Amino acid sequence: MKTLIITLALLVFTGLSSTTAQNINPENNIEKVVTHVIGKYYDVAFYNTDGELLQSGQYYQVENKLKPHGIWKLYDTNTLALVTTAKYDKGEQLWVETTIDGKVVRLNQYEIQIHRLQNRIAELEEKVDGTEK
């Protein structure tokens, strides 16, 4: 369970992509609002249909792409409590801190990379097991 939660938190923060000024995802009715701050910096916020903040962060423009930058916060969709915080430097994730079973777990960039590699290995093992049958 702990691995699943960490993986989901990592996927949320690593799956961030560039966008236009405002975007609504029709699958889950999440509104994404990007606001230019100054220079290459943009603020971003994700809201549910009730206008409640679900995620916030900042982008930094590198060439034609917006990359996660600074502190990102992810809130529980039911309670709106802060559950995960991560820090980025121009797209590179430096650390993530999340609450699992009431305990705060913090991973640095090396531990994050290890978890990603472990997950990738597990995916590859599943594919190999599926082709051996």
Fill in: Proximal aspartates and glutamates relative to K90, as straight alpha-carbon distance under 14 Å, when same-chain residues fewer than 8 apart are discounted
D43, E63
Worksheet item: Where Lys and Arg each count +1 and Asp and Glu each count -1, what net charge lies around Y42 among other residues with Cβ under 15 Å from its Cβ?
Response: +3
Worksheet item: Of K67/K127; K40/K73; K32/K65; K32/K127, which ones are farther than 28 Å apart at the Cα?
Response: K67/K127; K32/K127
Response to the item:
For T98, T49, ascending order of other Cβ atoms within 10 Å (fewest first) is T49, T98
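Quick note: the coordinates plus some simple rules give every number you see, no bench work behind them. The shown structure was predicted, so the numbers you read here are calculated from the model rather than taken from an experiment. All Cβ positions, glycine included, derive from the backbone under ideal geometry; neighbour counts span all protein chains shown.
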